[in-house]
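The structure appears right after this line, and notes come after that.
The values are calculated or read from the model by the stated rules, or taken from the named source; none is laboratory data. Because the structure is a prediction, the values reported are computed rather than measured. Ideal geometry is used to build each Cβ from the backbone, glycine not excepted, and the neighbour counts take in all protein chains shown. Just the protein is used for accessible areas: all its heavy atoms, side chains included, with ligands, DNA and RNA removed. Shrake-Rupley method; radii C 1.70, N 1.55, O 1.52, S 1.80 Å.
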Amino acid sequence: MGTIGKTTTATLFLCLLLFPIVFSTPNDRLVRIGLKKRKIDRNNRMAAHLESKEGKASEAFLRKYRLHGNLGESEDIDIVALKNYMDAQYFGEIGIGTPTQNFTVIFDTGSSNLWVPSSKCYFSIACYFHPKYKSSRSRTYKANGKPADIQYGTGAISGFFSEDHVTVGDLVVKHQEFIEATKESSLTFLIAKFDGILGLGFKEISVGNAVPVWYNMVNQGLVNEPVFSFWLNRNPEDDVGGEVVFGGMDPKHYKGEHTYVPVKQKGYWQFDMGDVLIGDQTTGLCASGCSAIVDSGTSLLTGPTAIIAQVNHAIGATGVVSQECKTVVSEYGEMIIDLLLSKDQPLKVCSQIGLCSFDGTRDVSMGIESVVNENAGKASGNVHDAMCSVCEMAVIWVQSQLKQNQTQERILDYVNELCDRLPSPMGESVVDCNSLSAMPSVAFTIGGKILELTPEQYILKVGDGELAQCISGFGALDVPPPRGPLWILGDVFMGKFHTVFDYGNMQIGFAEAT
(Lines give C-alpha, C1' and ligand atoms only; values in the text may rest on other atoms or scores of the structure.)
Protein backbone atom coordinates (compact mmCIF):
# COMPACT_ATOMS: atom_id res chain seq x y z
CA MET A 1 0.00 0.00 0.00
CA GLY A 2 2.72 2.48 0.98
CA THR A 3 4.65 1.77 -2.20
CA ILE A 4 1.57 2.18 -4.35
CA GLY A 5 0.76 5.49 -2.70
CA LYS A 6 4.24 6.95 -3.19
CA THR A 7 4.56 5.75 -6.78
CA THR A 8 1.14 7.01 -7.74
CA THR A 9 1.64 10.38 -6.07
CA ALA A 10 4.94 11.09 -7.79
CA THR A 11 3.64 9.95 -11.19
CA LEU A 12 0.43 11.96 -10.97
CA PHE A 13 2.00 15.26 -10.10
CA LEU A 14 4.71 14.98 -12.66
CA CYS A 15 2.48 13.83 -15.48
CA LEU A 16 -1.18 14.85 -14.91
CA LEU A 17 -0.32 18.47 -15.63
CA LEU A 18 -1.85 21.03 -17.94
CA PHE A 19 -0.77 23.13 -20.88
CA PRO A 20 -2.19 26.66 -21.09
CA ILE A 21 -4.23 28.05 -23.95
CA VAL A 22 -5.48 31.64 -23.72
CA PHE A 23 -8.35 32.89 -25.83
CA SER A 24 -11.21 35.36 -25.64
CA THR A 25 -14.49 36.07 -27.38
CA PRO A 26 -14.83 39.81 -28.08
CA ASN A 27 -18.53 39.75 -28.94
CA ASP A 28 -19.69 38.73 -25.45
CA ARG A 29 -16.96 40.69 -23.65
CA LEU A 30 -16.07 37.69 -21.51
CA VAL A 31 -12.41 36.86 -21.06
CA ARG A 32 -11.76 33.12 -21.12
CA ILE A 33 -8.61 31.38 -19.99
CA GLY A 34 -8.55 27.90 -21.51
CA LEU A 35 -6.90 24.99 -19.69
CA LYS A 36 -5.47 21.88 -21.31
CA LYS A 37 -4.28 18.53 -19.93
CA ARG A 38 -1.28 16.32 -20.55
CA LYS A 39 -1.90 12.59 -20.31
CA ILE A 40 0.04 10.35 -17.94
CA ASP A 41 3.53 9.28 -18.96
CA ARG A 42 4.48 6.40 -16.67
CA ASN A 43 8.04 6.40 -18.00
CA ASN A 44 8.81 9.87 -16.74
CA ARG A 45 12.44 9.70 -15.61
CA MET A 46 12.10 12.44 -13.02
CA ALA A 47 9.18 10.59 -11.46
CA ALA A 48 11.35 7.51 -11.10
CA HIS A 49 14.10 9.59 -9.53
CA LEU A 50 11.71 11.16 -7.04
CA GLU A 51 10.25 7.79 -6.13
CA SER A 52 13.74 6.68 -5.19
CA LYS A 53 13.74 9.57 -2.71
CA GLU A 54 10.77 7.87 -1.00
CA GLY A 55 8.32 10.47 -2.23
CA LYS A 56 9.74 13.31 -0.12
CA ALA A 57 9.64 15.79 -2.98
CA SER A 58 6.10 14.79 -3.80
CA GLU A 59 5.06 15.26 -0.18
CA ALA A 60 6.47 18.77 -0.30
CA PHE A 61 4.55 19.48 -3.49
CA LEU A 62 1.33 18.15 -2.00
CA ARG A 63 1.04 20.87 0.60
CA LYS A 64 -0.63 23.86 -0.97
CA TYR A 65 -1.75 26.41 1.57
CA ARG A 66 0.74 28.82 3.01
CA LEU A 67 1.34 28.48 6.73
CA HIS A 68 2.66 31.96 7.30
CA GLY A 69 4.23 34.96 5.60
CA ASN A 70 6.41 37.76 6.88
CA LEU A 71 4.09 40.46 5.57
CA GLY A 72 0.52 41.47 6.11
CA GLU A 73 -0.03 39.18 9.04
CA SER A 74 -3.04 39.69 11.26
CA GLU A 75 -4.11 37.90 14.39
CA ASP A 76 -7.63 37.39 13.01
CA ILE A 77 -6.43 35.72 9.79
CA ASP A 78 -6.70 31.95 9.83
CA ILE A 79 -3.90 30.20 7.96
CA VAL A 80 -4.80 26.67 6.88
CA ALA A 81 -2.35 23.94 5.86
CA LEU A 82 -3.64 21.46 3.27
CA LYS A 83 -2.49 18.58 1.12
CA ASN A 84 -3.09 18.60 -2.60
CA TYR A 85 -2.71 15.30 -4.43
CA MET A 86 -4.01 12.58 -6.71
CA ASP A 87 -5.32 14.68 -9.60
CA ALA A 88 -4.29 17.23 -12.23
CA GLN A 89 -3.74 20.88 -11.50
CA TYR A 90 -5.33 23.48 -13.78
CA PHE A 91 -3.14 26.09 -15.44
CA GLY A 92 -3.43 29.07 -17.77
CA GLU A 93 -1.08 31.55 -19.34
CA ILE A 94 -0.56 35.21 -18.44
CA GLY A 95 1.87 37.89 -19.53
CA ILE A 96 3.86 40.39 -17.44
CA GLY A 97 5.54 43.52 -18.71
CA THR A 98 5.75 45.46 -21.99
CA PRO A 99 6.44 43.64 -24.24
CA THR A 100 4.85 40.70 -22.44
CA GLN A 101 6.85 37.91 -20.87
CA ASN A 102 4.68 34.79 -20.66
CA PHE A 103 4.22 32.55 -17.61
CA THR A 104 2.06 29.55 -16.77
CA VAL A 105 0.18 30.02 -13.49
CA ILE A 106 -2.33 28.29 -11.28
CA PHE A 107 -5.51 30.37 -10.99
CA ASP A 108 -5.93 29.79 -7.29
CA THR A 109 -9.01 30.87 -5.32
CA GLY A 110 -7.23 29.77 -2.12
CA SER A 111 -4.57 32.51 -2.14
CA SER A 112 -4.34 36.16 -3.17
CA ASN A 113 -0.85 37.00 -4.45
CA LEU A 114 0.67 36.83 -7.90
CA TRP A 115 4.24 35.53 -8.05
CA VAL A 116 6.59 34.29 -10.78
CA PRO A 117 10.30 33.39 -10.82
CA SER A 118 12.72 36.32 -11.01
CA SER A 119 15.80 36.73 -13.19
CA LYS A 120 17.53 37.44 -9.86
CA CYS A 121 16.85 33.87 -8.70
CA TYR A 122 20.43 32.52 -8.77
CA PHE A 123 20.64 29.76 -6.18
CA SER A 124 17.41 27.75 -6.60
CA ILE A 125 17.56 24.91 -9.10
CA ALA A 126 13.83 25.20 -9.79
CA CYS A 127 14.30 28.66 -11.29
CA TYR A 128 16.49 27.23 -14.04
CA PHE A 129 13.61 25.03 -15.27
CA HIS A 130 11.09 27.88 -15.62
CA PRO A 131 10.98 31.21 -17.45
CA LYS A 132 12.10 34.13 -15.30
CA TYR A 133 10.79 37.69 -15.23
CA LYS A 134 13.38 40.20 -16.42
CA SER A 135 12.47 43.71 -15.28
CA SER A 136 15.14 45.28 -17.53
CA ARG A 137 13.21 44.13 -20.60
CA SER A 138 9.94 45.86 -19.65
CA ARG A 139 9.36 49.54 -20.29
CA THR A 140 6.36 49.54 -17.89
CA TYR A 141 8.29 48.08 -14.94
CA LYS A 142 8.35 50.05 -11.70
CA ALA A 143 10.64 49.15 -8.83
CA ASN A 144 9.19 48.39 -5.40
CA GLY A 145 11.66 46.19 -3.52
CA LYS A 146 9.54 45.34 -0.47
CA PRO A 147 10.55 41.84 0.71
CA ALA A 148 8.08 38.94 0.56
CA ASP A 149 8.07 35.45 2.00
CA ILE A 150 5.38 32.78 1.56
CA GLN A 151 5.56 29.37 3.25
CA TYR A 152 3.63 26.51 1.57
CA GLY A 153 4.02 23.76 4.16
CA THR A 154 7.31 22.06 3.28
CA GLY A 155 7.80 24.30 0.25
CA ALA A 156 8.39 28.02 0.18
CA ILE A 157 9.15 31.01 -2.02
CA SER A 158 10.73 34.30 -1.08
CA GLY A 159 11.68 37.40 -3.00
CA PHE A 160 10.54 40.99 -3.39
CA PHE A 161 7.65 43.00 -4.78
CA SER A 162 7.73 44.71 -8.17
CA GLU A 163 5.11 46.52 -10.24
CA ASP A 164 4.25 46.06 -13.92
CA HIS A 165 1.38 45.53 -16.34
CA VAL A 166 -0.19 42.04 -16.26
CA THR A 167 -1.99 40.61 -19.30
CA VAL A 168 -4.76 38.05 -18.74
CA GLY A 169 -6.40 37.06 -22.01
CA ASP A 170 -7.15 40.37 -23.74
CA LEU A 171 -7.18 42.31 -20.48
CA VAL A 172 -4.22 44.44 -19.47
CA VAL A 173 -4.13 45.12 -15.73
CA LYS A 174 -1.96 48.17 -15.22
CA HIS A 175 0.44 48.82 -12.34
CA GLN A 176 -0.06 45.41 -10.76
CA GLU A 177 2.00 44.61 -7.68
CA PHE A 178 3.47 41.09 -7.79
CA ILE A 179 6.28 39.06 -6.24
CA GLU A 180 9.51 38.25 -8.03
CA ALA A 181 10.57 34.95 -6.47
CA THR A 182 14.32 34.81 -5.90
CA LYS A 183 14.28 31.59 -3.88
CA GLU A 184 12.13 28.51 -4.39
CA SER A 185 12.20 25.18 -2.56
CA SER A 186 14.12 23.30 -5.22
CA LEU A 187 12.45 19.87 -5.33
CA THR A 188 8.97 21.24 -4.64
CA PHE A 189 8.88 23.57 -7.62
CA LEU A 190 11.32 21.61 -9.76
CA ILE A 191 8.68 18.93 -10.37
CA ALA A 192 5.94 21.49 -11.03
CA LYS A 193 4.90 22.44 -14.56
CA PHE A 194 3.51 25.78 -13.44
CA ASP A 195 5.79 28.80 -13.19
CA GLY A 196 3.85 30.71 -10.55
CA ILE A 197 0.51 31.34 -8.90
CA LEU A 198 -2.17 33.95 -9.55
CA GLY A 199 -4.31 34.21 -6.42
CA LEU A 200 -8.03 34.93 -6.72
CA GLY A 201 -8.78 35.11 -3.00
CA PHE A 202 -9.51 38.26 -1.00
CA LYS A 203 -7.07 40.99 -0.09
CA GLU A 204 -7.44 40.06 3.60
CA ILE A 205 -5.05 37.12 3.08
CA SER A 206 -2.72 38.86 0.65
CA VAL A 207 0.94 38.83 1.72
CA GLY A 208 2.25 42.39 1.91
CA ASN A 209 -1.30 43.72 1.64
CA ALA A 210 -0.85 43.73 -2.14
CA VAL A 211 -3.99 44.43 -4.18
CA PRO A 212 -4.92 41.15 -5.95
CA VAL A 213 -5.08 41.00 -9.75
CA TRP A 214 -8.84 40.42 -9.66
CA TYR A 215 -9.44 43.54 -7.58
CA ASN A 216 -7.56 45.62 -10.13
CA MET A 217 -9.55 44.08 -12.99
CA VAL A 218 -12.69 45.38 -11.30
CA ASN A 219 -11.26 48.71 -10.15
CA GLN A 220 -9.88 49.51 -13.60
CA GLY A 221 -13.21 48.74 -15.27
CA LEU A 222 -11.86 45.85 -17.32
CA VAL A 223 -14.84 43.51 -16.77
CA ASN A 224 -18.57 44.05 -17.22
CA GLU A 225 -19.51 42.33 -13.98
CA PRO A 226 -17.49 41.71 -10.80
CA VAL A 227 -17.87 37.96 -11.33
CA PHE A 228 -15.54 35.16 -12.40
CA SER A 229 -16.35 31.49 -12.88
CA PHE A 230 -14.68 28.09 -13.27
CA TRP A 231 -15.46 25.13 -15.45
CA LEU A 232 -13.14 22.17 -14.84
CA ASN A 233 -13.37 19.35 -17.34
CA ARG A 234 -13.02 15.96 -15.63
CA ASN A 235 -13.21 13.90 -18.83
CA PRO A 236 -9.74 12.31 -19.15
CA GLU A 237 -10.23 11.73 -22.87
CA ASP A 238 -10.55 15.45 -23.63
CA ASP A 239 -7.54 17.63 -24.25
CA VAL A 240 -9.28 20.75 -22.94
CA GLY A 241 -9.03 20.87 -19.16
CA GLY A 242 -11.57 23.66 -18.61
CA GLU A 243 -11.70 27.42 -18.52
CA VAL A 244 -11.78 30.40 -16.20
CA VAL A 245 -14.14 33.20 -17.29
CA PHE A 246 -13.57 36.74 -16.02
CA GLY A 247 -16.58 39.08 -16.09
CA GLY A 248 -19.36 36.50 -16.09
CA MET A 249 -20.08 32.86 -16.91
CA ASP A 250 -20.42 30.69 -20.00
CA PRO A 251 -23.89 29.05 -20.20
CA LYS A 252 -22.48 26.24 -22.36
CA HIS A 253 -20.77 24.80 -19.31
CA TYR A 254 -23.65 24.45 -16.85
CA LYS A 255 -27.32 23.55 -16.77
CA GLY A 256 -30.16 24.80 -14.59
CA GLU A 257 -29.92 27.59 -12.06
CA HIS A 258 -27.02 28.19 -9.72
CA THR A 259 -27.54 27.69 -6.00
CA TYR A 260 -25.99 30.69 -4.22
CA VAL A 261 -24.67 30.94 -0.68
CA PRO A 262 -23.27 34.10 0.94
CA VAL A 263 -19.56 34.48 1.65
CA LYS A 264 -19.21 34.04 5.41
CA GLN A 265 -15.87 35.76 5.82
CA LYS A 266 -13.60 37.55 3.38
CA GLY A 267 -10.21 35.94 3.03
CA TYR A 268 -10.80 32.57 1.45
CA TRP A 269 -14.06 32.00 -0.45
CA GLN A 270 -15.70 30.60 2.69
CA PHE A 271 -19.36 29.81 3.36
CA ASP A 272 -21.59 27.88 5.75
CA MET A 273 -22.37 24.31 4.69
CA GLY A 274 -24.86 21.84 6.14
CA ASP A 275 -24.84 18.08 6.64
CA VAL A 276 -22.66 15.61 4.74
CA LEU A 277 -24.43 12.41 3.69
CA ILE A 278 -23.07 8.99 2.76
CA GLY A 279 -25.84 7.45 0.72
CA ASP A 280 -28.85 8.78 2.62
CA GLN A 281 -27.23 8.56 6.06
CA THR A 282 -25.94 11.55 8.00
CA THR A 283 -22.29 11.53 9.07
CA GLY A 284 -23.20 13.50 12.19
CA LEU A 285 -20.40 16.00 12.60
CA CYS A 286 -21.80 18.64 10.21
CA ALA A 287 -25.48 18.10 11.03
CA SER A 288 -25.49 21.43 12.86
CA GLY A 289 -23.32 23.07 10.22
CA CYS A 290 -19.70 23.26 9.04
CA SER A 291 -17.65 25.87 7.26
CA ALA A 292 -16.40 25.24 3.73
CA ILE A 293 -13.91 26.84 1.35
CA VAL A 294 -14.02 26.58 -2.43
CA ASP A 295 -10.45 26.23 -3.67
CA SER A 296 -9.47 25.78 -7.32
CA GLY A 297 -5.86 25.15 -6.27
CA THR A 298 -6.61 21.99 -4.27
CA SER A 299 -7.24 18.74 -6.12
CA LEU A 300 -9.25 16.82 -3.55
CA LEU A 301 -12.17 17.20 -1.21
CA THR A 302 -10.80 17.52 2.31
CA GLY A 303 -12.73 17.44 5.54
CA PRO A 304 -12.67 16.39 9.20
CA THR A 305 -10.90 13.08 9.77
CA ALA A 306 -13.96 11.70 11.58
CA ILE A 307 -16.08 12.05 8.43
CA ILE A 308 -13.34 11.10 5.98
CA ALA A 309 -12.83 7.84 7.90
CA GLN A 310 -16.57 7.11 7.59
CA VAL A 311 -16.49 7.84 3.86
CA ASN A 312 -13.43 5.66 3.33
CA HIS A 313 -15.06 2.87 5.31
CA ALA A 314 -18.23 3.10 3.19
CA ILE A 315 -16.31 2.96 -0.08
CA GLY A 316 -13.84 0.30 1.06
CA ALA A 317 -10.75 2.52 0.92
CA THR A 318 -7.66 1.15 2.61
CA GLY A 319 -5.66 3.48 4.85
CA VAL A 320 -3.19 2.98 7.70
CA VAL A 321 -4.14 1.48 11.10
CA SER A 322 -3.93 4.04 13.88
CA GLN A 323 -2.69 2.45 17.13
CA GLU A 324 -3.99 5.40 19.14
CA CYS A 325 -7.45 4.88 17.65
CA LYS A 326 -7.46 1.17 18.42
CA THR A 327 -6.26 1.86 21.97
CA VAL A 328 -8.99 4.41 22.68
CA VAL A 329 -11.66 2.00 21.45
CA SER A 330 -10.24 -0.86 23.51
CA GLU A 331 -9.76 1.11 26.73
CA TYR A 332 -12.65 3.58 26.61
CA GLY A 333 -15.16 2.40 24.02
CA GLU A 334 -17.69 0.98 26.47
CA MET A 335 -17.34 4.03 28.72
CA ILE A 336 -18.05 6.37 25.79
CA ILE A 337 -21.19 4.38 24.96
CA ASP A 338 -22.37 4.45 28.60
CA LEU A 339 -21.81 8.21 28.92
CA LEU A 340 -23.71 8.93 25.71
CA LEU A 341 -26.57 6.64 26.73
CA SER A 342 -26.78 8.43 30.07
CA LYS A 343 -27.42 11.65 28.10
CA ASP A 344 -24.16 13.29 29.09
CA GLN A 345 -23.15 16.16 26.84
CA PRO A 346 -21.14 14.73 23.92
CA LEU A 347 -18.76 17.71 24.10
CA LYS A 348 -17.75 16.67 27.64
CA VAL A 349 -17.36 12.92 27.19
CA CYS A 350 -13.63 12.89 26.39
CA SER A 351 -12.78 15.21 29.28
CA GLN A 352 -14.86 13.06 31.62
CA ILE A 353 -12.81 9.99 30.79
CA GLY A 354 -9.55 11.94 31.10
CA LEU A 355 -8.33 12.15 27.49
CA CYS A 356 -9.11 15.85 27.04
CA SER A 357 -9.78 18.87 29.20
CA PHE A 358 -12.93 20.99 29.01
CA ASP A 359 -12.55 24.71 28.25
CA GLY A 360 -16.14 25.61 29.06
CA THR A 361 -17.52 24.98 25.58
CA ARG A 362 -15.73 21.90 24.26
CA ASP A 363 -13.05 19.29 24.87
CA VAL A 364 -9.48 20.40 24.20
CA SER A 365 -6.14 18.62 24.27
CA MET A 366 -4.36 18.39 27.61
CA GLY A 367 -0.90 17.28 28.69
CA ILE A 368 -1.66 13.66 29.53
CA GLU A 369 0.51 10.58 29.29
CA SER A 370 -0.18 8.41 26.26
CA VAL A 371 -1.82 5.09 27.08
CA VAL A 372 0.07 3.65 24.13
CA ASN A 373 3.42 4.69 25.58
CA GLU A 374 2.54 4.46 29.26
CA ASN A 375 5.84 2.72 30.04
CA ALA A 376 7.94 5.14 28.04
CA GLY A 377 7.58 8.23 30.22
CA LYS A 378 5.93 11.40 29.08
CA ALA A 379 4.61 11.34 25.53
CA SER A 380 4.98 14.20 23.09
CA GLY A 381 2.42 16.94 22.64
CA ASN A 382 1.53 15.44 19.26
CA VAL A 383 0.52 12.17 20.92
CA HIS A 384 -1.54 14.05 23.53
CA ASP A 385 -3.34 15.85 20.73
CA ALA A 386 -3.82 12.58 18.84
CA MET A 387 -5.43 10.79 21.79
CA CYS A 388 -7.83 13.64 22.44
CA SER A 389 -8.67 13.93 18.72
CA VAL A 390 -9.23 10.19 18.39
CA CYS A 391 -11.57 10.25 21.39
CA GLU A 392 -13.59 13.07 19.83
CA MET A 393 -13.85 11.08 16.59
CA ALA A 394 -14.93 7.99 18.49
CA VAL A 395 -17.71 9.97 20.18
CA ILE A 396 -19.02 11.09 16.77
CA TRP A 397 -18.88 7.55 15.38
CA VAL A 398 -20.62 6.06 18.43
CA GLN A 399 -23.33 8.73 18.28
CA SER A 400 -24.11 7.89 14.65
CA GLN A 401 -24.46 4.19 15.52
CA LEU A 402 -26.59 4.81 18.62
CA LYS A 403 -29.02 6.78 16.46
CA GLN A 404 -29.38 3.61 14.38
CA ASN A 405 -30.07 1.54 17.53
CA GLN A 406 -27.04 -0.68 17.03
CA THR A 407 -25.86 -3.04 19.75
CA GLN A 408 -22.76 -2.30 21.82
CA GLU A 409 -20.86 -5.11 20.14
CA ARG A 410 -21.73 -3.84 16.68
CA ILE A 411 -20.82 -0.26 17.63
CA LEU A 412 -17.37 -1.24 18.89
CA ASP A 413 -16.75 -3.39 15.80
CA TYR A 414 -17.79 -0.50 13.57
CA VAL A 415 -15.53 2.01 15.34
CA ASN A 416 -12.59 -0.39 15.10
CA GLU A 417 -13.26 -0.72 11.37
CA LEU A 418 -13.17 3.05 11.06
CA CYS A 419 -9.81 3.08 12.82
CA ASP A 420 -8.53 0.94 9.95
CA ARG A 421 -9.79 3.54 7.46
CA LEU A 422 -7.94 6.51 8.89
CA PRO A 423 -5.81 8.04 6.12
CA SER A 424 -2.08 7.43 6.02
CA PRO A 425 0.29 10.33 6.78
CA MET A 426 0.43 11.15 3.05
CA GLY A 427 -3.36 11.03 2.95
CA GLU A 428 -3.73 8.44 0.18
CA SER A 429 -6.47 5.82 0.35
CA VAL A 430 -6.75 3.19 -2.39
CA VAL A 431 -9.95 1.45 -3.51
CA ASP A 432 -10.76 -1.52 -5.74
CA CYS A 433 -11.47 -0.22 -9.25
CA ASN A 434 -13.94 -3.08 -9.78
CA SER A 435 -16.16 -2.04 -6.86
CA LEU A 436 -17.27 1.42 -8.00
CA SER A 437 -20.80 0.23 -8.81
CA ALA A 438 -21.28 -0.88 -5.20
CA MET A 439 -20.08 2.40 -3.64
CA PRO A 440 -22.57 4.94 -2.21
CA SER A 441 -22.95 8.53 -3.30
CA VAL A 442 -21.56 11.28 -1.07
CA ALA A 443 -23.62 14.46 -0.84
CA PHE A 444 -23.21 17.96 0.59
CA THR A 445 -26.01 20.19 1.84
CA ILE A 446 -25.41 23.66 0.40
CA GLY A 447 -27.95 26.46 0.31
CA GLY A 448 -30.69 24.06 1.38
CA LYS A 449 -30.02 21.75 -1.59
CA ILE A 450 -28.31 18.37 -1.79
CA LEU A 451 -25.32 18.40 -4.14
CA GLU A 452 -24.34 14.81 -4.83
CA LEU A 453 -21.17 13.15 -6.07
CA THR A 454 -21.26 9.65 -7.53
CA PRO A 455 -18.38 7.16 -7.18
CA GLU A 456 -17.30 7.89 -10.76
CA GLN A 457 -16.93 11.54 -9.74
CA TYR A 458 -15.14 11.18 -6.40
CA ILE A 459 -12.84 8.28 -7.30
CA LEU A 460 -9.71 9.16 -9.26
CA LYS A 461 -8.63 6.50 -11.74
CA VAL A 462 -5.02 6.40 -12.88
CA GLY A 463 -4.01 4.25 -15.83
CA ASP A 464 -5.93 1.64 -17.82
CA GLY A 465 -6.59 -2.09 -17.73
CA GLU A 466 -4.78 -4.23 -15.19
CA LEU A 467 -2.39 -1.40 -14.33
CA ALA A 468 -5.21 0.95 -13.32
CA GLN A 469 -5.22 2.29 -9.77
CA CYS A 470 -8.18 3.97 -8.08
CA ILE A 471 -7.76 6.50 -5.30
CA SER A 472 -10.30 8.03 -2.93
CA GLY A 473 -10.91 11.69 -3.75
CA PHE A 474 -11.30 12.49 -0.05
CA GLY A 475 -8.48 13.69 2.20
CA ALA A 476 -8.41 14.47 5.92
CA LEU A 477 -8.01 17.95 7.40
CA ASP A 478 -8.88 18.89 10.97
CA VAL A 479 -9.47 22.55 11.84
CA PRO A 480 -10.71 23.12 15.42
CA PRO A 481 -13.55 25.46 16.44
CA PRO A 482 -14.33 28.28 16.11
CA ARG A 483 -13.08 28.19 12.49
CA GLY A 484 -13.76 24.47 12.09
CA PRO A 485 -14.96 21.91 11.35
CA LEU A 486 -13.87 22.93 7.87
CA TRP A 487 -14.22 21.44 4.40
CA ILE A 488 -12.11 22.32 1.36
CA LEU A 489 -14.07 21.80 -1.84
CA GLY A 490 -11.35 21.37 -4.42
CA ASP A 491 -11.21 20.17 -8.01
CA VAL A 492 -13.08 16.91 -7.32
CA PHE A 493 -16.10 18.99 -6.29
CA MET A 494 -15.64 21.82 -8.81
CA GLY A 495 -15.41 19.27 -11.62
CA LYS A 496 -19.01 18.23 -10.94
CA PHE A 497 -20.33 21.71 -10.16
CA HIS A 498 -19.69 24.80 -12.27
CA THR A 499 -18.71 27.46 -9.74
CA VAL A 500 -19.38 31.20 -9.82
CA PHE A 501 -17.43 33.60 -7.60
CA ASP A 502 -19.68 36.66 -7.34
CA TYR A 503 -17.45 39.37 -5.90
CA GLY A 504 -20.11 42.09 -6.33
CA ASN A 505 -22.75 40.33 -4.22
CA MET A 506 -20.30 38.45 -2.00
CA GLN A 507 -21.72 35.04 -2.84
CA ILE A 508 -20.73 31.72 -4.42
CA GLY A 509 -22.91 29.80 -6.87
CA PHE A 510 -23.00 26.12 -7.86
CA ALA A 511 -24.73 24.47 -10.82
CA GLU A 512 -24.25 21.10 -12.48
CA ALA A 513 -21.42 21.34 -14.99
CA THR A 514 -21.86 20.25 -18.61
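Candidates in region 485-504 are the residues that are open to solvent by 10 Å² or more (accessible area, probe 1.4 Å) and in a loop (DSSP other than H, G, I, E, B); of these, the one that is farthest from PRO262 (Cα to Cα) is PRO485.
Before we move on, is GLN270 in contact with a helix residue (DSSP H, G or I) (Cβ under 9 Å, 6 or more places away or on another chain), free of Cβ contacts under 8 Å to residues at least 40 places away in the same chain and not assigned by the TED database to the domain that holds TYR414? In short, no.
Is it fair to say LEU171 is farther than 21 Å from TYR122 by Cβ and buried (at least 18 other Cβ atoms within 10 Å of the Cβ)? Before the answer, list the steps.
On the way: farther than 21 Å from TYR122 by Cβ: yes; buried (at least 18 other Cβ atoms within 10 Å of the Cβ): yes.
Against the criterion (farther than 21 Å from TYR122 by Cβ and buried (at least 18 other Cβ atoms within 10 Å of the Cβ)), LEU171 qualifies.
Report yes if PHE202 is among the aromatic types (Phe, Trp, Tyr), open to solvent by 10 Å² or more (accessible area, probe 1.4 Å) and over 16 Å from GLY95 (Cβ atoms), otherwise no.
Values: among the aromatic types (Phe, Trp, Tyr): yes; open to solvent by 10 Å² or more (accessible area, probe 1.4 Å): no; over 16 Å from GLY95 (Cβ atoms): yes.
So PHE202 does not fit the description; no.
Checked against (1) in contact with a strand residue (DSSP E or B) (Cβ under 6 Å, 6 or more places away or on another chain); (2) closer than 14 Å to MET494 by Cα; (3) not basic (Lys, Arg), SER299 passes all but condition (1). Of all residues assigned to region 441-457, none qualifies as being surrounded by fewer than 22 Cβ atoms within 10 Å (Cβ to Cβ) and more than 30 Å from ASP250 (Cβ to Cβ).
Beta carbons closer than 7 Å, at least 6 apart along the sequence or on distinct chains, pair a first residue in region 454-475 that is touching a residue at least 12 places away in the same chain (Cβ under 8 Å) with a second that is in a strand (DSSP E or B) and among the polar types (S, T, N, Q) for ILE459/SER472; VAL462/GLN469; GLY463/GLN469; GLY475/THR302. Just the residues that are modelled with pLDDT of 80 or more, within 30 Å of CYS470 (Cβ to Cβ) and of a type in the set (S, T, N, Q), please, taken from region 311-344. ASN312, the sole residue that qualifies.
Of the strands (runs of 3 or more DSSP E) entirely within region 219-300, those holding at least 2 residues that are surrounded by fewer than 22 Cβ atoms within 10 Å (Cβ to Cβ) and of a type in the set (Phe, Trp, Tyr) occupy 254-262. Of all residues in region 97-114, those satisfying the criterion of being within 8 Å of GLY199 (Cβ to Cβ) and assigned to a strand (DSSP E or B) are ASP108, LEU114.
Among residues of region 431-446 that are modelled with pLDDT under 90, those with a beta-carbon under 7 Å from a residue that is charged (D, E, K, R) at least six positions away or on a different chain give the pairs CYS433/LYS461. Restrict the check to region 398-410 and report whether at least one residue is of a type in the set (A, V, I, L, M, F, W, C) and at pLDDT 75 or above. Yes, the conditions are met somewhere in region 398-410. Restricted to region 302-315, and to residues there that are in contact with a strand residue (DSSP E or B) (Cβ under 7 Å, 6 or more places away or on another chain) and part of a helix (DSSP H, G or I), the residue that is surrounded by the fewest Cβ atoms within 10 Å (Cβ to Cβ) is ALA314.
Candidates are the residues of region 114-134 that are touching a helix residue (DSSP H, G or I) at 6+ places or on another chain (Cβ under 8 Å) and open to solvent by 10 Å² or more (accessible area, probe 1.4 Å); the one that is nearest to VAL211 (Cα to Cα) is SER119. Listed by first and then second residue, the pairs with beta-carbon distance under 8 Å, at least 6 apart or on different chains, first residue in region 486-507 and more than 19 Å from LYS461 (Cα to Cα), second open to solvent by 10 Å² or more (accessible area, probe 1.4 Å) and in a helix (DSSP H, G or I), are HIS498/HIS253; TYR503/VAL218.
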